[in-house]
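Okay, structure first, notes after.
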Amino acid sequence: MEVYNSLTRRVEALKPISNGEIRLYTCGPTVYNYAHIGNFRAYVFEDVLRRAVQFSGMKVRQVMNLTDVDDKTIRGANAEGVPLVEYTKKYKEAFFEDLKKLNIQPAEVYPAATDHIPEMIALVEKLVEKGVAYQSDDKSVYFRVRSFPGYGKLAHIDFDAQRTGLRCAADEYDKENVGDFALWKAWEPSDGPVGWDSPWGRGRPGWHIECSAMSMKYLGETFDLHTGGIDNLFPHHENEIAQAEAATGKPFVKTWMHCAHLKVNGEKMSKSLGNFYTLRDLVEKGYTGREIRYVLVSSHYRSALNFSFDALADARTALQRIDACVDSCTAGAPPDWALKRLEEFSAAVGDDLNMPKALAALFELVHEANSRGGAGVAGVFDRMDEVLGFVRFGRKPAAEIPPEVRRLLDERAAARAAKDWARSDALRDEILSLGWQVKDSKEGQTCTLRT
Ligand code: AMP
Ligand code: ZN
């Protein structure tokens, strides 16, 4: 399997550093509200990635953090006058419900930031001891960006060239340099009851330190793969690298992958622009998690995807076509032509998750099964579904076609392929006499209970 690494800007083989297992860290939600489907574009991309890794024969250990302390969660909790944990609990639960609705496989660990404050303090202490972090007059602790020579390597920005300008602009700040970022934020009155004691006084961790501390706790100081939406690349992921590598002296992450944005009318879908839909909004409008998953899975993760209701309507039609075909397929030894489509599918998935190409192989399989008959094809759909997660998931149960009718359908598909129309008509009548009706279209035959 090969993937595009944002760090090297190359497509590279994805191989486990150790134990045949890919250790994967995915930046999770800030639980101050319901996640929108832009966020779910990132989580569905990570789900497809996780499934693809397993599909290609490797194991995976995934960690996704829950950001349950930051400016937004504190503001929300204090506005409602409830403790922070109580405020974030309902959004954590909603998040897990939404994951299920989209058939996203659960990560192995979902660490919450508020359960790992000691680990974060320990990491900040290490950075202070090494002289790469300092407490400023405002009592907050900052990472000294110029002390980490690799700063900018993920975003591919040469900060050395820009440093003089930054220092001039820094005069109005408590920080030595505007690029310096907070590791520990000193308590402010607006934080209300939220705060933890630390060697630097009462306060709370910065957002970036959360991910460095929790990823290293559960995945080790050097691990395989780290992902997120492209907006996380800078500064969040750049800062994660600086914190981790300055503390350990070891490379932090081998491969970084980022998905492009879900857009609405050319702009990023986001809470701040107000142009967002939550999963709940769409479910209320009558769309299913399965249809939404289909839209998110079928695009290339590195291309921007424009959200539209037309795309959801197309998903419904495409899924109906898949369902009708899968209904007519049986288990058993797959024919060679179906195995060829599976090979094309696997190659596309292994080629940096080229899902548009993988779906082309899926639809070619549908087309061929409709015209050649679906004997032995069910298992091929199931194998593809290990990555897709929308073929079997959330389907309305179809009336079970009895084996005798299936046999006649296969025979009829063969007769039609041989242009033996008389035989085809005779078989249709025979199928009808068993209580089932066949319809022909250019996609092939579909069979439903006689009405
Ligand atoms: P946040 O809760 O804002 O930290 O975002 C959680 C995840 O969703 C991160 O990986 C973001 O990069 C990602 N994300 C946010 N908005 C979008 C969007 N419109 N399209 C794709 N990913 C997004
Ligand atoms: Zn993160």
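The values are calculated or read from the model by the stated rules, or taken from the named source; none is laboratory data. These numbers were taken from a predicted model, which means no experiment stands behind them. Positions of Cβ are backbone-derived with ideal geometry, glycine not excepted, and every protein chain shown enters the neighbour counts. Areas reflect the complete protein model, heavy atoms only, side chains present, ligands, DNA and RNA absent. Shrake-Rupley method; radii C 1.70, N 1.55, O 1.52, S 1.80 Å.
Observations on the model:
- Average Cα contact separation per residue, the chain, under 8 Å, 6 or more apart, as relative contact order %: 16
- In this label model, Arg395 and Val109 are separated by 3.7 nm, measuring between points 7 Å along each Cα→Cβ vector.
- For the range 108-122, backbone phi angles converted through the Karplus equation (6.51, -1.76, 1.60; θ = phi - 60°) give residue-by-residue couplings of 6, 9, 10, x, 9, 4, 5, 8, 10, 4, x, 4, 5, 4, 4 Hz, Gly and Pro being listed as x.
- Measuring r between the beta carbons of Lys419 and Val283 and using R0 = 45 Å, the FRET efficiency lands at 0.45.
- The accessible area of Thr222, taken with all protein chains in place and a 1.4 Å probe, comes to roughly 50 Å².
- By a 1.4 Å probe calculation restricted to protein chains, Lys439 has an accessible surface near 140 Å², given to the nearest 10.
- Counting only DSSP beta bridges whose two residues both lie in the chain, roughly 50 percent are antiparallel.
- Between the alpha-carbon centres of the range 175-217 and the range 44-72 there is a gap of 25 Å.
- The residues of the range 12-72 have, on average, 29 Å² of accessible surface per residue, using a 1.4 Å probe with all protein chains present.
- Taking the range 318-449 and dividing mean pair separation by its residue count, relative contact order in percent (alpha carbons under 8 Å, at least six apart): 28
- Surface composition of the chain: carbon plus sulfur atoms contribute 51% of the solvent-accessible area (1.4 Å probe, protein chains only, all chains present).
- Lysines whose Cα lies under 20 Å from that of Lys92, excluding same-chain neighbours fewer than 8 positions away: Lys72, Lys100, Lys101, Lys271
- Surface per residue (accessible, 1.4 Å probe) for the range 318-449, Å²: 47
- Mean projection of the Cα convex hull over all viewing directions, computed for the range 2-259: 13.9 nm².
- Estimated FRET transfer efficiency (Lys15, Leu339; beta-carbon r; R0 25 Å; 0.05): 0.45
- In this structure, Glu93 and Ser190 have a Cβ-Cβ separation that, at R0 = 30 Å, corresponds to a calculated FRET efficiency of about 0.65.
- Averaging the Cα positions of each part gives two centres, and for the range 394-449 and the range 85-130 these lie 52 Å apart.
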